[in-house]
Structures are given as C-alpha cells and as structure tokens.
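Take a look at the structure set out below.
The values are calculated or read from the model by the stated rules, or taken from the named source; none is laboratory data. This is a predicted model, so every value here is computed, not measured. All Cβ positions, even for glycine, are placed from backbone atoms using ideal geometry, and neighbour counts span all protein chains on display.
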Amino acid sequence: MPADDLAMAYRRLNASYQQTLRYAEDVRRLYRQVQGAIYQSLLGLANALEAKDAYTRGHSERVGRWSRQAARALGLAPEEAEMIGQAGLLHDIGKIGVPEAVLRKRAGLEADEWAQMRRHPVIGAQIVAPFEFFAAGAITIRHHHERLDGSGYPDGLAGAAIPLGARVVAVADVYDALTSDRPYRAALTPAAAAEHLHAEAGGTLDGDVVVAFLETMRGLREEVPRVGARAALPGAAGTPAR
Ligand SMILES: [Fe+2]
C-alpha cells in the first residue's frame, strides 16, 4: 500500500476512533441524565412519604447526607459512598406501603401493626428493584434495620453478613432518631446520642462505622465527644429508629 493511502487510512481510523469516543461520552452523559431523573422521581416519592409521616420530615435527607459522609470516612470509593448516600436518602421509602394509621401511631403498636411496620425495608427494596443500576441500593434499603448481633429484621443477618452500606445507614438512622424529638421523650443532645452509639458499638451497631460516623459528625458539631470516650449510658436512649 502506498504511503499516502496508508496515511489516509490511518487518518480515517483515527477520526472514527475520535467519533466513537464522542459517542461514548454522549452515552455516558445520557446515562447520568437518566440516573438523575430516576433519583429525582424517587426523591419525589420520599417527599410524598414525608408529607404522609411527619416523623420522616428532614430525616431522610439527614440520614442520606450523614451516610455518604460516614462511607467516605470509612475510605470507600466515591461511587460506593454515593450509592450509600442515595440509599440513606431512600431508606424508609417502603413506609409508603404502610397504612397511615399505623405510621402515625407513635406508641402502643399491636403485634400485627408492628408486623406491618416491619415490612417497610422489604417494600422499599421492591420499589427501587426495577432500577438495575441501583441494585446495591436496594440491598442496602432491605437491610437497614438488621443489627450486628442478629436481632434485627427482615432477615436477622449478623456481623459481616449485613451489607456494609446497610450498617452505615443503620448508624445514621439511629443517631438521627435519638437527636429528634419523640412524643415520649425529648431529643438527646449530640453528645448523649454519641455516647449511646458507643454503647451499642459491637452490639447492635458496627463499631468501625460508629467511629467513622462520629469522626465526621465531630467535624460538624463541636459538642460531640472525642471517639474513645466510651461512657455507658444507662437507659437514656429510649427506642431508636424503627
Ligand atoms: Fe426504617
């Protein structure tokens, strides 16, 4: 092949390669746009839930934000931390499927009402299940009420069998529940809530996650005590998130 033809062929090859790169970038941008649109729709659902259940007002966003921060502090990759943050934002979305009468009843739930309430992680995972790119998020949502010692629900998973994202969301969820007012008790101070997390570390909550979570919170609120100050907290916590 003459040199000119070879140069021409090379230029054509290079041009189509550049074109392919541009297409790939277009596809990536479209994919991100679609993902963003789906998140926005899910966020709309989460907001609808907040309208239905005053308890979750502001709660979803805080749990989402804090879960993302704690995941980063644990050294997870940015995409994974982002997934955990989104799952934190949507963790209670399954409460959409719980009757309002049960959601609004704050104390004295009957056994069958508890059973309905405890279905929300599974319902939430089912709501986001159609979004394949969010499969890890669905798993995180399903397991956000598991406890490290195996006493949680829906599957009674224990220790490392609980997906890490779910262990992260659980800590943020419990912390926000403790620092929010409840009909049966006033909000704990951040310091008292931090002590409660320490007391539960290695019991119901993942100890490493508690440390990472409180590290990030200390950056935000000076009154949270230093990690390692493990004061016991006899009975001060009340009922954490459900
Ligand atoms: Fe929940």
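Structural remarks
- Flag: residue 65 matches the condition of being within 30 Å of residue 218 (Cα to Cα) and assigned to a helix (DSSP H, G or I).
- Here residue 138 meets the list (1) in contact with a Lys or Arg (Cβ under 6 Å, 6 or more places away or on another chain); (2) within 16 Å of the ligand (Cβ to nearest atom); (3) not in a loop (DSSP other than H, G, I, E, B) almost entirely, failing just condition (1).
- Here residue 84 clears all of (1) over 19 Å from residue 174 (Cβ atoms); (2) β-branched (Val, Ile, Thr); (3) at pLDDT 95 or above except the condition numbered (1).
- Of all the residues in segment 97-115, those that are assigned to a helix (DSSP H, G or I) and within 12 Å of the ligand (Cβ to nearest atom) number 1.
- Of the residues making up segment 70-81, one or more are in contact (Cβ under 8 Å) with a residue 12 or more places away in the chain and either of a type in the set (Asp, Glu) or within 15 Å of the ligand (Cβ to nearest atom) (or both).
- Residue satisfying all of: in segment 141-177; on the phi < 0 side of the Ramachandran plot and loosely packed, with under 15 Cβ neighbours inside 10 Å; nearest to the ligand (Cβ to nearest atom) among these: 151
- Some residue of segment 58-68 being in contact (Cβ under 8 Å) with a residue 12 or more places away in the chain, more than 20 Å from residue 127 (Cα to Cα) and buried (at least 24 other Cβ atoms within 10 Å of the Cβ): yes
- Segment 178-207, subset surrounded by fewer than 22 Cβ atoms within 10 Å (Cβ to Cβ) and assigned to a strand (DSSP E or B), residue modelled with the highest pLDDT: 201
- Count - residues of segment 116-130 that are over 16 Å from the mean Cα position of the chain (by Cα) and not in a helix (DSSP H, G or I): 3
- For residue 140, the stated conditions hold: it is touching a helix residue (DSSP H, G or I) at 6+ places or on another chain (Cβ under 6 Å) and β-branched (Val, Ile, Thr).
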